[in-house]
Amino acid sequence: MTPVRAMTATLRPGINIYTRAIDGVTGMMAATGAAPPLRDVAREIAVPLDQLRRVFPDECALLAAMAENAMLLLHHTFIEVITRVDPDDPVAQFTALADAYVEWGVRYPREFRVIGQMPASIFEANAQLLRYEQSIHELMLKILQRGRELGLVSAGGDLQTFISLAHTYAYGVVSKMLMGDLARWNPGMTDREAARHNLHVFIQQFLRVGA
């Protein structure tokens, strides 16, 4: 009997190439920091270039699909983590998003690095990526606004600016974590624990929780 995976690959070659191409280009970009030509990706995944072009006409199409996959993984991680938190505690929810970002970096380090290297033009030219990014920002803003209404978040300060700063800080923290260069600044903690701890402190201090 034909194995299920082999049968799927035979009956749905386009999907098989799609998945292999995304995995291949993600690994190549994580290793080199540069977007490879389509012909190099075809060689990496052992697929004829003309077949790959039927799925991805050019490098931009492949990079956009790869970024969409990475953002989808981030969304799934957010949902998984935030559902464990008290829905009536906005500050805990926002902190859970920070934890989810750390977990995304731990589970999908290649995707984390690739998204960090992605030119803004790729995002701006892709409506799906913009929707993913915007939905995350809207979720963060709604949580913080709810916290302010409940008196759990300081009434002062620009929440949009805080979200921008939080994203920049979180990216730096997770990058240091993946480099293995965070624990030494937080004695007694692993890099993962230090990342979560540092983000928690940032959130509490910057929002002046309970002030």
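The values are calculated or read from the model by the stated rules, or taken from the named source; none is laboratory data. A quick note: this is a predicted structure, and the numbers were derived from the prediction, not measured. When we count neighbours, we look across all protein chains shown, and the Cβ atoms used for this are built from the backbone with ideal geometry, even at glycine.
Couple of notes before you dig in:
- Search result, residues across region 93-138 that are exposed (fewer than 14 other Cβ atoms within 10 Å of the Cβ) and of a type in the set (K, R): R107, R131
- Any chance L150 is of a type outside the set (D, E, K, R), in contact with a helix residue (DSSP H, G or I) (Cβ under 7 Å, 6 or more places away or on another chain), at pLDDT below 95 and surrounded by fewer than 17 Cβ atoms within 10 Å (Cβ to Cβ): yes
- Residue match in region 78-90 (condition: assigned to a loop (DSSP other than H, G, I, E, B) and buried (at least 20 other Cβ atoms within 10 Å of the Cβ)): no
- Selected residue (criterion: farthest from A96 (Cα to Cα)) from residues of region 40-83 that are touching a residue at least 40 places away in the same chain (Cβ under 8 Å) and not hydrophobic (A, V, I, L, M, F, W, C): R54
- Among the residues examined, F206 does not qualify as surrounded by 16 or more Cβ atoms within 10 Å (Cβ to Cβ) and either in a loop (DSSP other than H, G, I, E, B) or touching a helix residue (DSSP H, G or I) at 6+ places or on another chain (Cβ under 7 Å) (or both).
- Y171 satisfies every condition listed in (1) more than 20 Å from the chain's Cα centre (by Cα); (2) part of a helix (DSSP H, G or I) except (1).
- Residue list for region 179-198, restricted to those being buried (at least 19 other Cβ atoms within 10 Å of the Cβ) and not charged (D, E, K, R): L182, A194, A195, N198
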